[in-house]
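Asker: Below you will find the structure I want to go over with you.
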Amino acid sequence: MSDELQDLYRETIMDHARAPHHFGLREPAAAESHQLNPTCGDEVTVRLHLSPSGDRVESLSWEGHGCAISQASASLLSDLVHDLEPAELTERIGLFRDMMRSRGEIAGDDELLGDAVVLSGASRYLARVKCAMLSWVAVEDALAKLPQAA
Ligand code: ZN
């Protein structure tokens, strides 16, 4: 990764950490999950909101606190979920996990992961992987609680 790209990625992460998107839990929610990353002290609660037809994720609202990576990651994820079927969202969480476990080997597909590819650099730091994964694990858990996924 070039230094320029790395700077751009770092800037995007800091922007999201400073002014997170879709912050604040909303009603009504189809499913909720609360996750904790005790090694860093990060905490996140996510809520899934479905489309009126109930077959798509319309939006995600969330609250949390912790390090910049964990908060930016939740914000980036909240930008990604719009209008995805639960199965599509599950697939993208899998891709994100592959990227985060790759120790910098997988850059991530921005068509599927959007701006969340900026977190690929954090995959080199084992302690940071859990921070980045926290909200994605929460959404995975919330998806499993959806009535049609049961
Ligand atoms: Zn953290």
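What follows draws every value from the coordinates through simple rules; no lab data is involved. Not measured: the values here are computed from a predicted model. Positions of Cβ are generated from backbone atoms using ideal geometry, with glycine treated the same way; all protein chains shown enter the neighbour counts.
Asker: Among CYS67, CYS131, what is the fewest-to-most ranking by other Cβ atoms within 10 Å? Write down the numbers at each step before the final one.
Answerer: Numbers: CYS67 18, CYS131 25.
Ascending Cβ contact count within 10 Å gives the list CYS67, CYS131.
Asker: Between LEU112 and SER53, with labels modelled 7 Å along Cα→Cβ, what's the label distance in nm to one decimal, could you check?
Answerer: So the label points at LEU112 and SER53 sit 2.3 nm apart.
Asker: Rounded to the nearest 20 debye, what is the charge dipole size of the chain about its Cα centre when +1 sits on each Lys and Arg Cβ and -1 on each Asp and Glu Cβ?
Answerer: On the way: 13 positive and 25 negative charges, 119 e Å.
Dipole about the Cα centre, nearest 20: 560 debye.
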